[in-house]
Amino acid sequence: MLQKILIANRGEIAVRIIRACAEMGILAVAVYSDADRYGLHVKKADEAHSLGEDPLAGYLNPHHLVNLALETGCDAIHPGYGFLSENSHFAEICHLRGIRFIGPGSEVIRSMGDKTQARSAMQAAGIPVVPGSEGNLESLDEALALAGEIGYPVMLKATSGGGGRGIRRCDDAEDLRKNYERVVSEATKAFGSAEVFLEKCIVNPRHIEVQILADRFGNVIHLFERDCSIQRRNQKLIEIAPSPQLTEEQRNTVCDLAVRAAKAVNYENAGTVEFLFDQDGNCYFMEMNTRVQVEHTITEAITGIDIVEEQIRIASGLPLRYSQDEIEYRGFAIQFRINAEDPRNDFLPSFGRITRYYAPGGPGVRTDTAIYTGYDIPPFYDSMIAKLIVWALKWEDVISRSHRALDDMEISGIKTTRPYYQQILRAERFCKADFDTGFVDSHPHLLRYSEKRHKAHIAAVLAAAIAAHAGL
Ligand code: ADP
Ligand code: ADP
Ligand code: MG
């Protein structure tokens with residue numbers, strides 16, 4: 001078993017990994033930027049090391065992180081999600097320097113991180129993919145010709161994209177012309193790659209993803225699916241496990257496809273295979289995420305399996321300790337991503353001091369967060385500050401329990417998306433478990449929840465927050 005792990009991340013996921021280490025008797029080493037010196041992960045780890053002044057550079061510097069791991073006597077690095085978690089170069093450096101990277105091999109990270117390569121690999125394995133380009137697009141003309149063949153609407157997507165960014169729906173040729181250069185430039189800025197490709201737009205699909213565990217001996221199991229159809233601007237807001245919208249037959253089909261997908265690429269460690277279901281119930285491979293996911297928690301709630309612990313066991317070289325028929329699920333779990341944003345003001349980031357934090361508890365309630373009363377949220381990072389996970393045996397009960405838990409939760413001093421979720425829970429179609437990715441757009445009060453649209457102010461607010469932080 002691994003003995004000491006450096007966690008190359010921050011916030012709630014770093015704390016989540018430290019908790020797994022503590023239960024397994026493994027030492028955890030935290031790293032932190034100046035802005036994060038009061039971070040909970042720093043307090044909870046067995047050791048913590050500064051990454052210096054820059055808020056991001058340290059978390060994104062593979063060589064420095066590997067050096068730190070070696071200097072502190074670590075035998076492994078857990079990358080969490082975001083930052084370097086899907087950086088194949090980082091996994092490769094770890095490997096070359098004798099540090100175990102807790103995730104799949106660098107080749108798999110590279111090929112699955114490239115959405116067009118992933119599509120080809122899946123097609124070769126006989127897995128249905130969304131109809132679209134064979135590889136990357138060479139030009140706007142090629143895009144126009146292809147879109148004419150597969151039919152509008154189409155989705156223009158960044159090949160190396162992630163986090164719901166670099167995706168544009170185009171309803172006609174005019175739209176495609178308008179968006180092509182925009183997506184290319186967005187992709188270049190956000191992901192350092194100008195490559196884009198095109199897919200048929202599945203209108204109002206359901207986003208269904210399957211959690212996979214695979215060891216180095218070729219054993220692959222699934223931990224059932226999650227329904228992440230409740231999204232805003234292609235970003236997940238609420239996730240549910242298992243999907244209350246699938247028949248048992250659909251569940252078996254998609255879970256088997258995910259296992260086949262993982263086997264086809266010799267996958268190792270935890271991973272997620274994402275699919276889209278169209279309105280007729282057909283399912284298509286969309287992409288594979290080669291890391292622990294934000295919403296792994298709800299799968300833990302319904303299966304009782306600690307996914308981070310399994311990641312560490314797999315990276316230690318141990319075989320899976322469960323066979324597929326030992327995995328069962330029970331009840332329903334919902335996760336709410338609590339973001340430090342003002343939903344009444346165009347989801348403007350809301351930074352600053354948390355004057356009071358009270359975590360909801362009681363049966364079936366879990367909160368994963370790194371905030372505490374008196375904590376100052378730095379303006380440099382992702383706005384997700386807490387995950388509220390609610391479990392109950394029945395769908396009706398998980399909804400009433402979610403109301404209760406969201407009411408119970410208290411975060412003062414900043415604005416959060418909590419009231420937005422309270423609205424979603426009241427929507428009839430949500431309660432009836434009948435929703436797709438068009439859910440927010442089809443509810444005028446959710447679509448126009450924001451009373452103000454101060455887009456231009458975002459930069460000013462951010463700059464002020466950064467200046468205030470520097471002066472602390
Ligand atoms: P998940 O896929 O786990 O459901 P997200 O899509 O929200 O969750 O991604 C988790 C985090 O990782 C977010 O902070 C997101 O911005 C970041 N992220 C995901 N993919 C990429 C990528 N390709 N490049 C940069 N950041 C990414
Ligand atoms: P990311 O890497 O950012 O997570 P994905 O390829 O997983 O990107 O897509 C994110 C979301 O965008 C999906 O959950 C879905 O809502 C929407 N989307 C992506 N591709 C399509 C498509 N071909 N048709 C319809 N919606 C899509
Ligand atoms: Mg995705």
Self-check item: Of Lys44/Lys189; Lys43/Lys115; Lys236/Lys263, those spanning more than 31 Å from alpha-carbon to alpha-carbon
Solution: Lys44/Lys189; Lys43/Lys115
Self-check item: Compactness of segment 4-102 - radius of gyration and Dmax, Cα, Å
Solution: 11.9, 33
Quiz prompt | Counted charge near Tyr329, where neighbours are those whose Cβ lies closer than 14 Å (Asp, Glu -1; Lys, Arg +1) | solution = -3
Practice problem: Enter the accessible area per residue of segment 131-200 (Å², integer; probe 1.4 Å; all protein chains in place). | Solution: 49
Self-check item: Protection proxy ranking of 42-48, 428-434 - average other beta-carbon atoms within 10 Å, highest first
Solution: 42-48, 428-434
Quiz item: Over the C-alpha atoms of segment 131-200, what are the Rg and the largest Cα-to-Cα span, Dmax, in Å?
Solution: 10.7, 30
Exercise. Report, in debye and to the nearest 20, how large the dipole of segment 144-216 comes out about its Cα centre when Lys and Arg carry +1 and Asp and Glu carry -1 on their Cβ.
Key: 200
Self-check item: Cut-off 9 Å between beta-carbons: net charge of the residues surrounding Thr369, Lys and Arg +1, Asp and Glu -1
Solution: -1
Quiz item: Counting only protein heavy atoms, what percent of the accessible surface of the chain is carbon or sulfur at a 1.4 Å probe?
Solution: 48
Quiz item: Which whole-number percent of Cα pairs in segment 206-455 have a distance greater than 33 Å?
Solution: 20
Quiz item: Under the definition of Cα pairs under 8 Å and six or more residues apart, what whole-number percent is the relative contact order of segment 4-102?
Solution: 29
Practice problem: With the convex hull built on the Cα atoms of segment 60-140, state its orientation-averaged projected area in nm². | Solution: 7.0
Self-check item: Kirkwood-Stokes translational diffusion coefficient of segment 325-472, alpha-carbon pairs, 37 °C, 0.692 mPa s, µm²/s
Solution: 196
Quiz item: Got a sec to turn the phi values of segment 115-121 into Karplus ³J(HN,Hα) couplings, 6.51 cos²θ - 1.76 cosθ + 1.60 with θ = phi - 60°, whole Hz, x for Gly and Pro?
Solution: 5, 6, 5, 4, 4, 5, 4
Quiz item: So how far, in whole Å, is the C-alpha centre of segment 47-62 from the one of segment 180-234?
Solution: 28
Quiz item: Using r as the Cβ-Cβ distance of Lys263 and Asp306, and R0 as 41 Å, what FRET efficiency do you calculate, to the nearest 0.05?
Solution: 0.95
Self-check item: Range of Cα positions in the chain per principal axis (Å), largest first
Solution: 57, 53, 46
Quiz item: Taking H as built 1.01 Å from N, whose amide H comes closer than 5 Å to the amide H of Val129, not counting residues under 5 places away?
Solution: Phe285
Self-check item: Peptides ranked, highest mean first, by Cβ atoms within 10 Å: ranges 304-313, 27-36
Solution: 27-36, 304-313
Quiz item: If R0 is 35 Å, what FRET efficiency do you get for Leu462 and Asn219 from their C-beta distance, rounded to 0.05?
Solution: 0.15
Practice problem: Over segment 206-455, average the accessible area per residue using a 1.4 Å probe and give it in Å², no decimals. | Solution: 37
Practice problem: Determine which residues of segment 244-272 fall in the zone a paramagnetic label at Glu326 would reach in this model, i.e. backbone nitrogen under 18 Å from the point 7 Å along Cα→Cβ. | Solution: 269-270
Quiz item: Working out 0.36 nm times the residue gap between Gln117 and Glu71, then minus their Cα-Cα distance, what length gain in nm do you get to one decimal?
Solution: 12.9 nm
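The values are calculated or read from the model by the stated rules, or taken from the named source; none is laboratory data. Model, not experiment: these values are computed from the prediction. Virtual Cβ from ideal backbone geometry, glycine too; neighbours counted across all protein chains shown. With ligands, DNA and RNA removed, areas are computed over all heavy atoms of the protein, side chains included. Shrake-Rupley method; radii C 1.70, N 1.55, O 1.52, S 1.80 Å.
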